[in-house]
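Working notes for the structure below.
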């Protein structure tokens, strides 16, 4: 199964590149990821829980990065084993280029599954794989574009000085209505 897509991320290419190489950001972005550790140089180890049709499995696997061209392209290759559910393996070629709004991230994904997962049929697998890829790149885009927290609000400006007495017009006071006697609910209930 192959997927090809791209999206524009409103961030400089250097920031997008750093995020692609960060275990913490990748953990946030991979749907169902419970653990992610490692480095771009040595690869990442991950634990992902996914439900594909009626099959729910915990996949433990590794992702390696190769063919890295700084801030331009990288190949992510991975394989995960889900016990009786089977396995999933694949690779994603990711390229970055400048776009008027930030960075254009394009990707080509080639994925394969085996075991019980393969028995579900191509349409189910393709649908889930596309949904996961879309969700990953949407999460990635949101993580990279996340707005910095606004600075604390500045102190409110001091109120304008009160107008001089000569500028104030005085109108005759109206008599206030006499205050009503307030009664508590107990007095109102018993007429007291």
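Looking at residue 100 and the list (1) more than 12 Å from residue 1 (Cβ to Cβ); (2) at pLDDT below 90, which single condition is not satisfied?
For residue 100, the exception is condition (2).
Do we find that residue 47 is farther than 15 Å from residue 137 by Cα and part of a strand (DSSP E or B) in this structure?
Values: farther than 15 Å from residue 137 by Cα: yes; part of a strand (DSSP E or B): yes.
The answer is yes for residue 47.
Determine whether residue 37 is at pLDDT 90 or above, farther than 23 Å from residue 96 by Cα and surrounded by fewer than 16 Cβ atoms within 10 Å (Cβ to Cβ). It would help to see each step written out before you state the result.
Numbers: at pLDDT 90 or above: yes; farther than 23 Å from residue 96 by Cα: yes; surrounded by fewer than 16 Cβ atoms within 10 Å (Cβ to Cβ): yes.
In short, yes.
Please go through (1) under 22 Å from the mean Cα position of the chain (by Cα); (2) in a strand (DSSP E or B) for residue 66 and return the number of the only condition it doesn't satisfy.
Just one mismatch for residue 66, condition (1).
Right, residue 74: at pLDDT below 90, buried (at least 16 other Cβ atoms within 10 Å of the Cβ), assigned to a strand (DSSP E or B) and under 23 Å from the mean Cα position of the chain (by Cα) or not? Step through it out loud before you land on a result.
Details: at pLDDT below 90: no; buried (at least 16 other Cβ atoms within 10 Å of the Cβ): yes; assigned to a strand (DSSP E or B): yes; under 23 Å from the mean Cα position of the chain (by Cα): yes.
It is false that residue 74 is at pLDDT below 90, buried (at least 16 other Cβ atoms within 10 Å of the Cβ), assigned to a strand (DSSP E or B) and under 23 Å from the mean Cα position of the chain (by Cα).
The values are calculated or read from the model by the stated rules, or taken from the named source; none is laboratory data. These numbers come from a predicted model, not from an experiment. We place every Cβ from the backbone using ideal geometry, glycine too, and count neighbours over all the protein chains shown.
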